[in-house]
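Heads up: the structure comes next, in structure tokens.
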């Protein structure tokens, strides 16, 4: 196998939904008519405006259409050039942001069927996350159950900023279903914009919105740990996608320290939070927050305290690195194979079944 | 190591404590249901006056949302940062193997024995009718 990282598993690529027209064949008669007569279109998330440079690397943009919209380009650039053995597709569209839970459920279903027919059926190296509408947890579970028999779906996808914190019990049926089917929960950067994107209200600029994603991930981790999700569902894995990871050491120190003093409030958390995080949480590589020098990167990875947490990703077609340098400068050579292959296989049981 | 007479038993009824200085060390003596325990008044975390903290129960949980409360008044919570210690063992709850507060051996001796010695009882006039709490420091 050729490529710069042959045999690797890319845990985050983004086929783009070109628009509602592409999903119409996968909607039922009622919703097809609603979409057409009401002129519903352009449900891309505000977190990822396609015109922003970071959301489509220049050499990865097709001549027309959205970055990530072209299967042939994705084949050549995301799979072939890297030598990728399997890549997990995380399609981002407005499902999670819709206020109408019935439409959201129908759209999630359509996206999964579209993904299976237009991408997975045409490219055997692709896998995908199951898109669900957490607005209606019962229907979300039904969608997981419906799609779970297709082993090419390897994960359940949620957004970092939704309606409520993800540890809250309203979401637990989703975790029970995910655990039952051997599907990690992938939490992808992005906001439904149902709440302000920072804890202090709306920022003025995109740069604030973008950088504040890390705080959103921290809030979700605190919620998942302290509400007891990993105690209730010991077989559950959560993958943070596009969260960055250099904030993890300081965050875990803070969580541990606080837990020591006030743990009686949440006695089901019977070990330091960082231990639960190291056991249950995985993080994709790109975008890597750029430490100022190679030595700093190695130090941060060492401080995370686990060589099992990082999962290789390119975040294709988003623009976070030049050329083929998905591994940032200074990434420990001895860790690459683990991040490329071993960790993804250990994280996604369904990948393991089909790749080994 | 010497045996110090620190109090009469009536001075520290169940649930009560006495703070004192023995051989230059600040120590707290606790009565837990009729058993006596002596701990160094210094939290191993950052040196807070541990023995001045509240006595609380042990809180564990079998599942999220369930609070299993036991051993009322047998855990000592540091007034500085809230770390909990088992008064019976000196072990911290959060890191029982590595973070422990120093425990001293305590016994109850009849006044007769105390009067006979050898005990250190600088501040005590010992009466044969009373029982005394003795700490080894």
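Please compute, for peptide A:262-270, the average count of beta-carbon atoms on other protein chains lying within 10 Å of each residue's beta-carbon. Could the numbers behind the result be given before it?
Working: counts 2, 6, 13, 2, 5, 11, 9, 2, 4.
What the average comes to for A:262-270 is 6.
Using the Kirkwood radius built from alpha carbon pairs, what does the Stokes-Einstein equation give as D for the range A:226-275 at 4 °C and 1.567 mPa s, in µm² per second?
Values: Rh = 12.1 Å.
Using the Kirkwood radius from Cα pairs, D works out to 107 µm²/s.
What is the extension gain from residue A:208 to residue A:279, computed as 0.36 nm multiplied by their sequence separation minus the C-alpha to C-alpha distance, in nm to one decimal?
On the way: separation 71, 0.36 × 71 = 25.56 nm, distance 3.08 nm.
Full-extension gain reported as 22.5 nm.
Rounded, prolate or oblate: which fits the protein assembly as shown, taking a ≥ b ≥ c as square roots of the Cα gyration tensor eigenvalues, rounded meaning a/c under 1.5, else prolate when a/b beats b/c? Walk me through the numbers on the way to the answer.
Values: a/c = 3.26, a/b = 2.51, b/c = 1.30.
Note, shape of the protein assembly as shown comes out prolate.
Residues in the range A:41-55 near a label at residue A:223, defined as backbone nitrogen under 20 Å from the 7 Å Cα→Cβ point?
Within reach of a label on residue A:223: A:45-48.
Among A:348, B:36, A:210, rank each residue by its count of other Cβ atoms within 10 Å, from fewest to most, as a rough exposure measure. Don't skip to the answer; put the middle values down first.
Values: A:348 27, B:36 20, A:210 17.
Ascending Cβ contact count within 10 Å gives the list A:210, B:36, A:348.
Cut-off is 10 Å between beta-carbons; in what order do A:2, A:352 appear when sorted fewest neighbours first?
Values: A:2 8, A:352 14.
Starting with the residue having the fewest Cβ neighbours, the order is A:2, A:352.
So if I take the centroid of the Cα atoms in the range A:182-239 and the same for the range A:285-356, what is the distance between those two points in Å?
Using only Cα atoms to place each centre, the spacing works out to 20 Å.
Quick check on the range A:175-314: take the gyration tensor over C-alpha atoms, sort the square-rooted eigenvalues as a ≥ b ≥ c, and tell me if it's rounded (a/c under 1.5), prolate or oblate. Write down the numbers at each step before the final one.
Working: a/c = 1.34, a/b = 1.20, b/c = 1.11.
Judged from the Cα gyration tensor, the range A:175-314 comes out rounded (a/c under 1.5).
Relative contact order of the range A:37-87: what whole-number percent is it, with Cα pairs under 8 angstrom and at least 6 residues apart?
On the way: 24 pairs, mean separation 9.2, N = 51.
Computed over the range A:37-87, the figure is 18 percent.
Hey, what did chain B get for relative contact order, percent, Cα under 8 Å, at least 6 apart? Walk me through the numbers on the way to the answer.
Values: 292 pairs, mean separation 38.4, N = 137.
Value for chain B: 28 percent.
Could you work out [θ]222 nm for the protein assembly as shown from helices alone, using -39500 (n - 2.57) per DSSP H run of at least four and dividing by all its residues? Round to the nearest 500 deg cm²/dmol. Kindly include the intermediate steps, with their values, before the conclusion.
On the way: 14 runs with 126 residues, N = 493.
Mean residue ellipticity at 222 nm (helix-derived): -7000 deg cm²/dmol.
List the extent of the Cα atoms of the range A:133-258 along each of their three principal axes, largest first, rounded to whole Å.
Cα extents, longest axis first: 43, 32, 25 Å.
Enter the mean number of other protein chain beta carbons within 10 Å of the beta carbon of each residue in A:133-141, as an integer. Display every interim value, and only then the final one.
Values: counts 0, 0, 0, 0, 0, 0, 0, 0, 0.
The shielding value for this peptide is 0.
Report the FRET efficiency, 1/(1 + (r/R0)^6), for residue B:66 and residue B:127, where r is their Cβ-Cβ distance and R0 is 30 Å, rounded to 0.05.
Working: r = 51 Å, r/R0 = 1.69.
Result of the calculation: an efficiency of 0.05.
Tell me whether the range B:7-56 comes out rounded, prolate or oblate; compute the Cα gyration tensor, take square roots of the eigenvalues as a ≥ b ≥ c, and use a/c under 1.5 as the rounded threshold. Intermediate results must be reported in sequence, preceding the final value.
Values: a/c = 2.65, a/b = 1.44, b/c = 1.85.
Verdict is oblate for the range B:7-56.
Rank these for me by crowding, B:74, B:129, going from fewest to most other beta carbons within 10 Å. Walk me through the numbers on the way to the answer.
Details: B:74 20, B:129 9.
Least to most surrounded, the residues fall as B:129, B:74.
Whole Å is fine, so just give me how far the alpha carbon centre of the range B:57-136 lies from that of the range A:242-261.
34 Å
Can you work out the base-10 log of I(q)/I(0) for the range B:3-136 at q = 0.18, 0.23 1/Å, using the Debye formula on its C-alpha atoms alone?
-0.95, -1.34
Using a cut-off of under 19 Å, list every residue of the range B:1-30 whose amide N is near the label point 7 Å from the Cα of residue B:108 along the Cα-to-beta-carbon line.
B:4-19, B:28-30
Over all residues in B:80-86, what is the mean tally of Cβ atoms on other chains that come within 10 Å of each residue's Cβ?
Working: counts 1, 5, 6, 3, 4, 0, 0.
So the per-residue partner count for this stretch is 3.
Between residue A:302 and residue B:52, what FRET efficiency comes out of the Förster formula 1/(1 + (r/R0)^6) with R0 = 35 Å and r the beta carbon distance, rounded to 0.05? Numbers along the way, then the final one.
Numbers: r = 39 Å, r/R0 = 1.12.
According to the calculation, E is roughly 0.35.
Each reported figure results from applying straightforward, stated rules to the coordinates on display, with no laboratory input. These numbers come from a predicted model, not from an experiment. Quick reminder, even Gly has a Cβ in these numbers, built from the backbone with ideal geometry, and neighbours come from all protein chains shown.
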